[in-house]
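What follows draws every value from the coordinates through simple rules; no lab data is involved. Quantities reported herein were computed from a predicted structural model and do not represent experimental measurements. For neighbour counting, all protein chains shown are included, and Cβ atoms are generated from backbone atoms with ideal geometry for every residue, glycine included.
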Amino acid sequence: MKMEGKSVFGGVAMGRLSIYKKNDQLVKRIKVTDTDAEIQRYNEATEKAKQQLAALYEKASKEVGESSAAIFEVHQMMLDDLDYQESVVNMIQTQNVNAEYAVAVTGDNFSEIFAAMDDEYMKARAADVKDISNRVISVLQGAEDAGFDSSEPVILVAEDLAPSETVQLDKSLLLSFVTRYGSTNSHTAILARTMNIPALIGVDYSEDIDGHFGIVDGFEGVLYVDPDEEIIEQYKKKQEEQEEKARLLQELKGQPTVTKDGREIKLYANIGGVGDVPSVLQNDAAGIGLFRSEFLYLESDTFPSEEDQFNAYRSVVQTMAGKKVIIRTLDIGADKQVDYFNLDKEDNPAMGYRAIRICLEQPDIFKTQLRALYRASYYGNIAIMFPMIISVEEVRRIKETVEEVKKELSDQGFAYGDVELGVMIETPAAVWITEELGKEVDFFSIGTNDLTQYTLAIDRQNPRLDSFYDAHHPAVLRAIQMTVENGHKGGAWVGICGELGADTSLTETFLRMGVDELSVSPSRILAVRAAVRDCDLKG
Ligand code: PEP
Ligand code: MG
């Protein structure tokens, strides 16, 4: 069987197809007669949920440290809370309802009470109560944990994957992604590029392919289910050719990223977390041009502490051993939702309360991150950049906050290094004021993913619009040109960190515009280096 889709990253993958299970919990109110048996079910489910949390605590303390893992201990204690337990039991007894329903209603009630409290810490517990209630409901419903169950690498097939879901996947078991929805510029697509695995979107699959053998052709945008021997042989050959090409690119390791006529540019890598650093080194990037720090928040069940963030940033800069590491401050909101931020649902999230807007309104969150970044700067070469900027006023406020943080750190005896400050140019407003912004900061990094979305008025998440999405639209290219010219006028260097930076058909255009840096997925580093080395700007 052959299914057509759209490729978001090339390559060939072969293996078992595994359908991703979402944990959508439809809770029905059911009348029960034996309330004692229902209470017994509830008690047993609570015990099982506590065992799951204890296992998660062990796993998280090994992987992300004890203070991030502590939330799983808090959740275990919440399950033991007598008020919560009494409320569930009372509802089962007095209303003769099923345990799932009693837990869901209690979870909602408690969550509302917490959300209405003045104390910020207690407010944040609202999401936790929901979390523990959902966990107990899952156990009661006999649902498996969301995700996929496999001990061997698989081709993951899903309706769609939110960033909060992809962060929880065991990456070592993924050969490829195939989704029904999602768009070329979604963060799932970006993750596939970072991981260097083929990925398809827009595949209209049926549930019965689960467990069958599949081949993903990320060049042609095709998924084969149970292909015959001839096709399997054909793809084995393709895979070998691909490996050969990759081997040839390996020869560019250790070589400078320089044009034939001698112009050298900075070629950096984009990462989502500490786990991506090995591939940055393997692909020989000269630095990290975009560390999407929000993934630290997405991976956690509560706000990552200053200490946890400091450890993550320090580990990255130390491993990069003096090479530049540009860390972007929190870019939460839009498609990157985190429960414990308790953000309101918005009609237009891409143009909503996100990124720097949240940081400027919630200085506690912002300052915690800045403190961790400045403390880590002592151990290497950190630069910080700020997302979704639209005004000079915002940049001045950011700089004031940075000064406050530096002063506090100095007063407390913390050392920090020299840190370059930059802004992302990813809104048309920022492009139009690049002349003023260039005087305020050390560098610009052009986020072409959002810049294209806002310039062309095309939601990057909406697959329906993929055919209108012209990555080479002259409006976008002119915006880049203008940003480079104005940045240089103001004394700022200019890079591109959006996906367009890896488009080798534009490498020469970017170099002719005067772009100083390109930051791309680790898997694209050597291909972009090859393209730069092919350019002759004098020719
Ligand atoms: C961009 O918008 O181009 C960018 C690099 O940031 P993100 O894709 O994380 O929004
Ligand atoms: Mg962006």
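So if the hydrodynamic radius of region 396-479 is defined as the Kirkwood radius over C-alpha pairs, what does Stokes-Einstein give as its diffusion coefficient at 37 °C and 0.692 mPa s, in µm² per second? Don't skip to the end; give the middle numbers.
Values: Rh = 15.2 Å.
Once the numbers are plugged in, D ends up at 215 µm²/s.
Residues W493, W432 in ascending order of nearby Cβ atoms (within 10 Å, fewest first): W432, W493. Can you work out the base-10 log of I(q)/I(0) for region 348-440 at q = 0.21 1/Å, using the Debye formula on its C-alpha atoms alone? Debye curve over Cα of region 348-440, log10 I(q)/I(0) at q = 0.21 Å⁻¹: -1.08.
How large is the charge dipole for region 244-380, taken about the Cα centre, if only the Cβ atoms of Lys, Arg (+1) and Asp, Glu (-1) carry charge, to the nearest 20 debye?
Working: 18 positive and 20 negative charges, 157 e Å.
It works out to roughly 760 debye.
At an R0 of 56 angstrom, the distance between the Cβ atoms of R512 and K28 translates into a FRET efficiency of 0.35.
Over the chain, Cα pairs under 8 Å with separation of 6+ residues give a relative contact order of 16 percent. Projecting the Cα positions of I480, T401, V105 onto the charge dipole of the chain (unit charges on Cβ atoms of Lys, Arg, Asp and Glu, taken about the Cα centre) puts I480 furthest along the positive direction.
Any idea what the dipole of the chain comes to, in debye rounded to 20, about its Cα centre with Lys/Arg Cβ at +1 and Asp/Glu Cβ at -1?
On the way: 56 positive and 91 negative charges, 351 e Å.
Dipole size: approximately 1680 debye.
Convex hull volume of the C-alpha atoms in region 153-292, normalised per residue: 137 Å³. Legend: translational diffusion of region 257-401 by Stokes-Einstein, Rh = Kirkwood radius over C-alpha pairs, 10 °C, 1.306 mPa s; D = 98 µm²/s.
Among the chymotrypsin sites (Phe, Trp or Tyr not before Pro) in region 323-396, those placed in a DSSP loop whose Cβ has at most 16 other Cβ atoms within 10 Å are Y353, Y378.
Taking the Cβ-Cβ separation of E220 and A350 as r and a Förster radius of 35 Å, what is the calculated FRET efficiency to the nearest 0.05? Don't jump to the answer; show the numbers that get you there.
Details: r = 30 Å, r/R0 = 0.87.
Computed FRET efficiency for E220 and A350 comes out at 0.70.
Magnitude of the charge dipole for region 208-296, about its Cα centre and with charges confined to Cβ atoms of Lys, Arg (+1) and Asp, Glu (-1), is about 880 debye.
What chymotrypsin sites (Phe, Trp or Tyr not before Pro) does region 206-235 have in DSSP loop regions with at most 16 other beta carbons within 10 Å? Could the numbers behind the result be given before it?
Values: sites: F213, F219, Y224, Y235; in loops: F219.
In loop regions of region 206-235 (DSSP not H, G, I, E or B), the sparsely surrounded chymotrypsin sites (Phe, Trp or Tyr not before Pro) are F219.
For region 231-298, the share of alpha carbon pairs falling in successive 5 Å distance bins from zero is 4, 14, 15, 16, 15, 13, 12, 8, 2, 0 percent. Across region 407-532, Cα-Cα distances exceeding 18 Å account for 56% of all pairs. Close amide H pairs (under 5 Å, H built 1.01 Å from N) link I288 with A269, K324, V325, I326, residues at least 5 positions away or on another chain. Region 509-539 and region 189-203 have Cα centres lying 22 Å from one another. With 0.36 nm allotted per residue and the present C-alpha distance subtracted, the I232-E159 stretch has 23.7 nm of extension available. From helices alone, the chain scores -14500 deg cm²/dmol at 222 nm; the rule is -39500 (n - 2.57) for each run of n ≥ 4 DSSP H residues, then divide by the residue total. So for region 196-309, taking the charge dipole from beta-carbon charges (+1 Lys/Arg, -1 Asp/Glu), which of I265, Q282, S305 sits furthest toward the positive end? After comparing all options, I get I265.
Principal-axis analysis of the Cα atoms of the chain puts helix 35-63 at an angle of about 30° to the longest axis.
Counting only DSSP beta bridges with both residues in the chain, the antiparallel share comes to about 30 percent.
Pairs K324/K489; K238/K323; K253/K336: which exceed 26 Å Cα-Cα?
Values: K324/K489 23 Å; K238/K323 36 Å; K253/K336 34 Å.
Exceeds cut-off: K238/K323; K253/K336.
Mind grabbing the base-10 log of I(q)/I(0) for the chain at q = 0.06 Å⁻¹? Debye formula, identical points on the C-alpha positions, no solvent, two decimal places. Results for the chain at q = 0.06 Å⁻¹ read -0.32.
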